[in-house]
Amino acid sequence: DALTQLPNRNYFYEKLFELFDLQANAAVFFVDIENFKHVNDQYGHLAGDAVLRASSHCLKQALPDDAFVARLGGDEFAIIINRLNFLTELEVFCHKIHECYGSTFVYEQHNIALQANIGVALIQNAKSPEDLIADADRAMYDAKLSNNHWCIAPQRPNS
């Protein structure tokens, strides 16, 4: 991605399909910035670009070195974290992601308050990479209705 210097959507999908083939113990996080359109509308697209660059930098710094952080497009980011041992780690990572947006961004003397919504899906709960993506996306939308703004996708029923 030219703006954030993160891998783009296509590279994310390649990485996800590779990971799924390895049957790794991993989680996928989908992150979007709440009311990001308001940032562009009120402060301009340069401010929005600055927020996206700052977001990408913070996410890379807050998460483990081997976390794969990509920009899917617009204000949406995707993260793959490998080698999860405990579900409690998911909560820790969600808090770290929220900390990236907990501080007020400053752009040309404007204070811009942000909030992130995070959807998480576990690779072991999905039958295919497409299911994993759909689960993370659905969880992200459920997170918008949640008080803590993050949601873990439930395990799919066995069919």
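May I ask you to list the GluC sites (Glu not before Pro) in the range 31-113 that are in a DSSP loop and have at most 11 other Cβ atoms within 10 Å of their Cβ?
108
Roughly how much of residue 100 is accessible, in Å² to the nearest 10, using a 1.4 Å probe?
Only protein atoms counted, so the area is about 10 Å².
Can you list the residues, at least 5 places off or on another chain, whose amide H is less than 5 Å from the amide H of residue 150, using H built in the peptide plane?
118
What residues qualify as long-range amide H neighbours of residue 24, i.e. H under 5 Å apart, gap of 5 or more or another chain, H built at 1.01 Å from N?
none
Quick check: pseudo-label points 7 Å beyond the Cα along Cα→Cβ at residue 82 and residue 99, how many nm apart are they?
2.4 nm
Which is farthest toward the positive dipole end of the chain among 84, 74, 143, measuring Cα position about the Cα centre, with Cβ charges +1 (Lys, Arg) and -1 (Asp, Glu)?
84
Measuring with a 1.4 Å probe in the full set of protein chains, what accessible area per residue, in whole Å², belongs to the chain?
Roughly 54 Å² per residue, with all protein chains present.
Check which residues have an amide H placed less than 5 Å from residue 72's amide H, if you skip close sequence neighbours.
Amide H neighbours of residue 72: 77, 78.
Return the sequence-ordered ³J(HN,Hα) values of the range 64-70 in whole Hz as given by the Karplus equation 6.51 cos²θ - 1.76 cosθ + 1.60 applied to θ = phi - 60°, using x for Gly and Pro.
These are the phi-based 3J(HN,Hα) values: x, 4, 8, 5, 9, 10, 10 Hz.
Report ³J(HN,Hα) in whole Hz for each residue of the range 108-123, in order, from the Karplus equation J = 6.51 cos²θ - 1.76 cosθ + 1.60 where θ = phi - 60°; Gly and Pro get x.
6, 6, 9, 8, 10, 8, 10, 9, 10, 10, 10, x, 10, 10, 9, 4
Given a 1.4 Å probe and every protein chain left where it sits, what share in percent of the accessible area of the range 33-82 is carbon and sulfur?
That share works out to 48 percent.
If the rule is a partner Cβ under 4.7 Å, which cysteines in the chain fail it?
94, 151, each lacking another Cys Cβ under 4.7 Å.
In square nanometres, what is the average projected area of the Cα convex hull of the chain?
9.3 nm²
Would you please give the FRET efficiency between residue 138 and residue 111, computed as 1/(1 + (r/R0)^6) with r the Cβ-Cβ distance and R0 = 41 Å, to the nearest 0.05? Write down the numbers at each step before the final one.
Values: r = 33 Å, r/R0 = 0.80.
The formula returns an efficiency of 0.80 here.
The values are calculated or read from the model by the stated rules, or taken from the named source; none is laboratory data. Nothing here was measured: the structure is a model prediction, and the numbers come from that model. Note that we place each Cβ from the backbone using ideal geometry, even for glycine, and neighbour counts take in every protein chain shown. For the accessible areas, the whole protein counts, side chains as well, though only heavy atoms, and no ligand, DNA or RNA atoms are used. Shrake-Rupley method; radii C 1.70, N 1.55, O 1.52, S 1.80 Å.
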